[in-house]
Amino acid sequence: MKTDILCEVLYRETPEAEVDRALTLFFEKLRLFEKTYSRFRDDNDLWELNHSESIVVTKDFSLLLRCAQFFFHQTKGVFDPSVLSYLEKEGYQSQVYVAEHLGHESFVDLSLNVTTNEVTKPLHLSLDIGGFGKGYIVDHLALFLSKTFQHFLIDAGGDIYAFGQNTVAGYPYWAVEVENPVQQKAPLILMLSNMAVATSGITRRFWQKDGEEKHHLIDTATGKSATTKLLSVSVIAPSTVSADVLAKTLF
């Protein structure tokens, strides 16, 4: 997912072997998620879906698509995972999709049978889960870690879930810094417990194309990089995927 993933766990009585096993599985699950759904690969489940009109997906992929459909409808289409062709045209290219899939269809045209996990869609409807994938997997991993640890924090490149509290520092919460996008300004300090925060902005992923500055946050109404005076948006929510999607939607 082209980002650093940090995980901090606090424990006292949990055996070291159990801790090691949990963290090993944690990162294995992350790597498998990236391998399965990255748009920067041409040998995974996302690639197969994007090159099909009808395909039976795994149960996990079906749940991921149901999540995408939920937020698509909740935001009235502002959040739209079918932006891959827009990202490619704006210059955020994956190399594996450049020569193809430059048309665009509506995400409304994707149909998912939740009983059989069969997906039908127009051939040139191409999905990118980057808009919610990190938040989605962080929530799943937080649930996984909560079965072993009472206190932990996951930071997936700004998509953060804070569980329990920082018992080492003696805080009844986790203190989380949100970077101020304006240089030489102090960061915002959040005090979170069993809550998530996600930040979306344009200060890290941006580039020039045809004399214009572009970034990865697409305005689905225009198919181009969103035009706004904002530099970043942060959202606090009960789940990381909600915070992730809403930060992008508000931006």
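The values are calculated or read from the model by the stated rules, or taken from the named source; none is laboratory data. The shown structure was predicted, so the numbers you read here are calculated from the model rather than taken from an experiment. Heads up, the Cβs are rebuilt from the backbone with ideal geometry, glycines too, and the neighbour counts pull from every protein chain shown. Surface accessibility is based on the protein's heavy atoms, side chains included, excluding ligands, DNA and RNA. Shrake-Rupley method; radii C 1.70, N 1.55, O 1.52, S 1.80 Å.
Summary of computed values
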{"item": "Surface share of carbon and sulfur [accessible, 1.4 angstrom probe, percent] for the chain", "result": "51 percent"}
{"item": "Net charge contributed by nearby residues that have their C-beta within less than 15 Å of VAL178 (K/R +1, D/E -1)", "result": "-3"}
{"item": "Charge tally in the Cβ shell below 9 Å around SER54, where Lys, Arg are +1 and Asp, Glu are -1, SER54 excluded", "result": "-1"}
{"item": "Candidates HIS73, HIS124, HIS216, ranked by Gaussian network fluctuation over the chain, Cα under 10 Å, top entry", "result": "HIS73"}
{"item": "Residue-level accessible surface for GLU53, protein heavy atoms, 1.4 Å, Å²", "result": "120 Å²"}
{"item": "Accessible area (Å², per residue) of the chain, counting only protein heavy atoms and a probe of 1.4 Å", "result": "53 Å²"}
{"item": "Within a Gaussian network of the chain (alpha carbon springs, distance under 10 Å), most fluctuating of VAL19, VAL235, VAL83", "result": "VAL19"}
{"item": "Solvent-accessible surface (1.4 angstrom probe) belonging to SER232, in square angstrom, nearest 10", "result": "40 Å²"}
{"item": "Estimated 222 nm signal from helices in the chain, with DSSP H stretches of n ≥ 4 weighted -39500 (n - 2.57), rounded to 500", "result": "-9500 deg cm²/dmol"}
{"item": "Estimated FRET transfer efficiency when R0 is 41 angstrom, pair GLU18-LEU188 (beta carbons, to 0.05)", "result": "0.70"}
{"item": "For the chain: Kirkwood Rh in Å [reciprocal of mean 1/r, alpha carbons]", "result": "19.3 Å"}
{"item": "Approximate spin-label separation LYS29-VAL108, in nm, with each point projected 7 Å along Cα-to-Cβ", "result": "3.6 nm"}
{"item": "Restraint check, LYS29/LYS76; LYS29/LYS209; LYS89/LYS248; LYS76/LYS121, Cα-Cα greater than 24 Å", "result": "LYS29/LYS76; LYS29/LYS209"}
{"item": "Sequence of ILE55, ILE236 from largest to smallest accessible area, 1.4 Å probe", "result": "ILE236, ILE55"}
{"item": "Inter-site label distance for SER146 and GLU179 at 7 Å from Cα along Cβ, in nm", "result": "2.9 nm"}
{"item": "With at most 14 other Cβ atoms within 10 Å, longest stretch of the chain clear of loop trypsin sites (Lys or Arg not before Pro) (DSSP)", "result": "77-146"}
{"item": "Of the DSSP H helices in the chain, those whose Cα atoms cover at least 30 Å axially and whose Kyte score averages -0.5 or more", "result": "16-37"}
{"item": "Fluctuation leader among THR220, THR148, THR115 - the chain, Gaussian network, Cα springs under 10 angstrom", "result": "THR115"}
{"item": "Length-normalised contact order of the chain in % [C-alpha pairs under 8 Å, at least 6 apart]", "result": "21 percent"}
{"item": "Charge tally in the Cβ shell below 11 Å around PHE79, where Lys, Arg are +1 and Asp, Glu are -1, PHE79 excluded", "result": "0"}
